[in-house]
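Structure first, commentary second.
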Amino acid sequence: MQERATAALAAGKTISFVPTMGFLHQGHASLLREGRVQGDLLVLSIFVNPAQFGVGEDFESYPRDLQRDSEIAAENGVDIIFAPTAKEMYPHGYQTYVNVETISLPLCGASRPGHFRGVTTVVAKLFNIVKPTIAFFGEKDFQQLAVIRRMVRDLNMDLKIVGMPTIREDDGLAKSSRNSYLSPEERSAAFCLSRSLAAVSDLYRSGEKDVERLRAGLLEILTSEPLARIDYAEFRDGDSLEELRQADDRTVVALAVRIGSTRLIDNTIIGRGVTWKERC
Ligand code: PAF
């Protein structure tokens, strides 16, 4: 992979990169399509990264389907699939980790200690291997995107990071590989995430700026769903992820909610609103 990347760059080509853990869905496909447009060589990585899963999390059961992923990659013009093994990425004696400090701590960082250290480590390694000119990440993983942007700035990494809008099912549920864990009953219950985000965004846009009152509106919908257990429901500054008392157009509303045993995340920039097919 490194040799092919070096050769492409030497030939004056740009490299678009979409890092994933596979089990691709339309969210990933939208990143690939944008990558195809913005770069000469389009690289997709598929690697279920053990370093970002905690003890008791779903590393073993995380869905995998390399055959189907290869078909989706081909449909979207991918030139190279880079799918290393865990031994290749973390050989015996491996001991170097990248840690972005403050913004890795709240939200998913608090619920999943060590998660972002695993993400930034693997993403830094992938950047060194694939040598991208531009890399694409979904805004659904809002904190991940903020942490990666911080790492790229702090470590002077020479590439552009692009965040791409969340792709949703017709009823609003954000596309995620983990949606495949949901039973039909849980799948209907999961609608409460996007519904609560849309409601809070509507409330904000009708003039409510007080975070406690906005939070009450959000919680009313989430707590009325019997299958939902809230991990966090927070209002944060869209760049620093600091807590806020008053919302403004850049405020991010970030959710992590367990539906049965599946932990789902979603978010919105409050001033933008949330739309999906059945809501339009
Ligand atoms: O978002 C993901 O799928 C993963 O966290 C990433 C960025 C590919 C790193 O393993």
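The values are calculated or read from the model by the stated rules, or taken from the named source; none is laboratory data. These numbers come from a predicted model, not from an experiment. Glycine gets a Cβ as well: all are built from the backbone with ideal geometry, and neighbour counts include every protein chain shown.
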Report summary line: Flagged in the range 130-145 as within 13 Å of the ligand (Cβ to nearest atom) and touching a residue at least 24 places away in the same chain (Cβ under 8 Å), in numbering order, are V130, P132, A135, F136, F137, G138, E139, K140, D141, F142, Q143, Q144
Query raised in the report: Just a yes or no: is a residue in the range 186-195 within 29 Å of M89 (Cβ to Cβ) and in contact (Cβ under 8 Å) with a residue 24 or more places away in the chain?
Result: no
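For E101, are the conditions met, namely being surrounded by fewer than 17 Cβ atoms within 10 Å (Cβ to Cβ), over 20 Å from I167 (Cα atoms), within 16 Å of the ligand (Cβ to nearest atom) and at pLDDT 95 or above?
no
Does R117 satisfy the criteria of being surrounded by fewer than 21 Cβ atoms within 10 Å (Cβ to Cβ) and modelled with pLDDT of 95 or more?
Working: surrounded by fewer than 21 Cβ atoms within 10 Å (Cβ to Cβ): yes; modelled with pLDDT of 95 or more: yes.
In short, yes.
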Requested in this report: Go through (1) in contact with a helix residue (DSSP H, G or I) (Cβ under 9 Å, 6 or more places away or on another chain); (2) of a type in the set (S, T, N, Q); (3) in contact (Cβ under 8 Å) with a residue 24 or more places away in the chain one by one and return the number of the condition N99 breaks.
Outcome: (3)
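Just to be sure I understand, how many residues within the range 112-128 are in a helix (DSSP H, G or I) and either more than 13 Å from the ligand (Cβ to nearest atom) or among the small types (G, A, S) (or both)? Please lay out each step first, then the result.
Taking the range 112-128 and keeping what is in a helix (DSSP H, G or I), we get 115-128.
Those still in the list that are either more than 13 Å from the ligand (Cβ to nearest atom) or among the small types (G, A, S) (or both) too: 118, 124, 128.
The number of residues fulfilling the criteria is 3.
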Report summary line: Reported set for the range 146-178 where residues are within 14 Å of the ligand (Cβ to nearest atom) and under 17 Å from H28 (Cα atoms) is I161, V162, G163, M164, T166, I167, A174, K175, S176, S177, R178
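Can R168 be described as within 30 Å of V130 (Cα to Cα) and touching a Phe, Trp or Tyr at 6+ places or on another chain (Cβ under 8 Å)? Walk me through how you get there before you give the answer.
Values: within 30 Å of V130 (Cα to Cα): yes; touching a Phe, Trp or Tyr at 6+ places or on another chain (Cβ under 8 Å): yes.
Yes, satisfied.
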Query - Filter result for A110 (touching a residue at least 40 places away in the same chain (Cβ under 8 Å) and among the aliphatic types (A, V, I, L, M)) - result: yes
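For the range 1-58, which residues satisfy the criterion of being among the basic types (K, R) and within 26 Å of A174 (Cβ to Cβ)? Show your work before the answer.
The first filter runs over the range 1-58 and keeps only residues among the basic types (K, R), leaving 4, 13, 33, 36.
R33, R36 - these are the residues of the range 1-58 that are among the basic types (K, R) and within 26 Å of A174 (Cβ to Cβ).
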**Report entry** Among (1) without any contact (Cβ under 8 Å) to a residue 60 or more places away in the chain; (2) under 30 Å from D58 (Cα atoms); (3) within 19 Å of the chain's Cα centre (by Cα), the one test that T251 misses
**Finding:** (2)
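Listed residues P184, P226; which is under 22 Å from E278 (Cα atoms) and not small (G, A, S)?
On the way: P226 fails: under 22 Å from E278 (Cα atoms).
Only one candidate qualifies: P184.
Hey, which of the helices (runs of 4 or more DSSP H) in the range 130-238, taking only ones fully inside, have at least 3 residues that are closer than 30 Å to L41 by Cα? Outline the logic, then answer.
Details: elements: 142-154, 184-189, 191-205, 211-223.
Here the list reads 142-154.
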Requested in this report: From (1) on the phi < 0 side of the Ramachandran plot; (2) crowded, with 18+ Cβ neighbours inside 10 Å, pick out the condition that doesn't hold for K131.
Outcome: (1)
